[in-house]
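One structure below.
We did not get these values from a lab; they are worked out from the coordinates using the rules stated. Everything numeric in this text was worked out from a predicted model, so none of it was measured. Backbone-built Cβ (ideal geometry, glycine too); neighbour counts: all protein chains shown.
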Amino acid sequence: MKRMMGKGWKRFLLTGALAAFMVAGLPATDVAAKAVVNGFDLQAHRGGRDARAENTLYAFAYAMELGVTTLEMDMQLTKDGRLVISHNPVMNWMLAKGPDGQYAPKQNPPDIRTMNLAEVQQYDMGVMNPAAGGYYDLHGKTQIATPGAQMPTLEQVFELANAYGNKKVIFNIETKSYADPEDPYYANTPDPDVFVEKVYEVVKKYNMQDRVTIQSFDWRTLKAMKAIAPELTLVALSSEQPSWGKSGMYLRLGEKAPSPHLGGLNINDFKGDYVKAAKEIGADVVSPYFKELSPDLIDEAHALGMKVVPWTVNSPKDMEMLLAMGVDGIISDQPWVLRDVLIKKGIAVPAPTLAPKDMKYSTGTAINKVEAKKAKGGADASH
């Protein structure tokens, strides 16, 4: 397998004004905002899924109290047009317990994108299914359960940060969009334009333009967001891992036809260079699977004015390797581990955020101190 061009983040401030125009009823704004990270970008993957139930308000509260730069999360769009925070487009049997007290079925689980918000929030996301096997071994053993946790909306995440008085934390939010017609989740994927318009509405409502980065494996959504909100920071996600199946191959190296994930680009036109392709699509940041990085790729990204923040890194050894290579940030399921590595290296980390009095979602920063299973070949990142 060819090792990919996984690099680069380009975070540059665009100054000057863009003549106003209308796209789907949304006017383009003066270009300026861009989320800027001063220092190393310590990102809590799904809020730190090895500490609290992933993508819940309890997880994001934990991460802020620990002290991170960025809350990383995933979005789905419900039937009634609400943005909810979930990695999976369906109610995952390993995570979601229905109003009947039973975990969602493995076969034909309810599809979040065909449900209304009221239906979605009847599910309890706070206790991982102990029968989840390898996933539980990887991520559940160290987790402190938070029974009753709902799947939050993007609005609720912003409101949580505001309630904490945290005016600096960045939100790295992924548009979970399924571009490949062969993907089993393709059928109910929202139109990219509709998806990003909903996202932009919420971002503007909370005035978070300078604190939000939009990441996606479906570069159609990056193009669509660029068209209506050039002031937002865009992050090009990718991986090229044949051992994960086609769902882990976003560039489609070696295929003549363009990948459905690259927003109309053909990686062959860039001689397989993922960084140059991401630059062409208008991304400010490249975020590859960490095993696909090399010092040369990082140098290339930096030369193009882009930053590099790989996913998902849980081993101190791998973290140290990436730091030596010159990455600008790291996304981790175990932000407490990454934080300790950075401190030992003398790299500044964000101060912990104190929980407001009587904060419902505050559970402190403790974890279950047990030995979590380690997956071979980075398989924990493939979930």
Worksheet entry | The one condition in (1) more than 28 Å from Pro356 (Cβ to Cβ); (2) in contact with a Lys or Arg (Cβ under 8 Å, 6 or more places away or on another chain) that Tyr185 fails to fulfil | (2)
Discussion item. So, Asp193, is that one surrounded by fewer than 20 Cβ atoms within 10 Å (Cβ to Cβ), in a loop (DSSP other than H, G, I, E, B) and charged (D, E, K, R) or not?
Written reply: no
Fill in: Selection count where residues are over 18 Å from Lys279 (Cβ atoms) and of a type outside the set (Phe, Trp, Tyr), scope the stretch 205-222
7
Discussion item. Restricting to the stretch 216-242, name every residue that is buried (at least 24 other Cβ atoms within 10 Å of the Cβ) and in a helix (DSSP H, G or I).
Written reply: Trp219, Thr221, Leu222, Ala224, Met225
Worksheet item: Mind checking which residues of the stretch 135-190 are crowded, with 16+ Cβ neighbours inside 10 Å, farther than 14 Å from Ala59 by Cβ and of a type in the set (Ser, Thr, Tyr)?
Response: Tyr135, Tyr136, Thr153, Thr175, Ser177, Tyr178, Tyr185, Thr189
Practice prompt. Would you be able to say whether some residue in the stretch 160-179 is free of Cβ contacts under 8 Å to residues at least 12 places away in the same chain, touching a Lys or Arg at 6+ places or on another chain (Cβ under 9 Å) and either part of a helix (DSSP H, G or I) or over 28 Å from Pro99 (Cα atoms) (or both)?
Written response: yes
Practice prompt. Take the stretch 255-307 and flag every residue that is part of a loop (DSSP other than H, G, I, E, B) and basic (Lys, Arg).
Written response: Lys256, Lys271
Worksheet item: Within the stretch 243-252, can you find the residues that are within 16 Å of Trp219 (Cα to Cα), in a loop (DSSP other than H, G, I, E, B) and not aromatic (Phe, Trp, Tyr)?
Response: Leu251, Arg252
Item to complete: Answer yes or no as to whether Val84 is more than 28 Å from Leu342 (Cβ to Cβ), touching a strand residue (DSSP E or B) at 6+ places or on another chain (Cβ under 8 Å) and either in contact (Cβ under 8 Å) with a residue 40 or more places away in the chain or crowded, with 24+ Cβ neighbours inside 10 Å (or both).
Response: yes
Worksheet item: Got a number for residues in the stretch 255-311 being of a type in the set (Asp, Glu) and closer than 22 Å to Glu182 by Cβ?
Response: 1
Worksheet item: In the stretch 117-141, how many are part of a loop (DSSP other than H, G, I, E, B) and either among the small types (Gly, Ala, Ser) or over 23 Å from the mean Cα position of the chain (by Cα) (or both)?
Response: 3
Worksheet entry | In the stretch 290-328, the residues that are in contact (Cβ under 8 Å) with a residue 60 or more places away in the chain, farther than 23 Å from Gln143 by Cβ and surrounded by fewer than 24 Cβ atoms within 10 Å (Cβ to Cβ) | Lys291, Glu292, Ser294, Leu297, Glu300, His302, Leu304, Gly305, Asp328
Worksheet entry | Scan of the stretch 260-289 for residues that are more than 25 Å from His302 (Cβ to Cβ) and surrounded by 17 or more Cβ atoms within 10 Å (Cβ to Cβ), ordered by number | Pro260
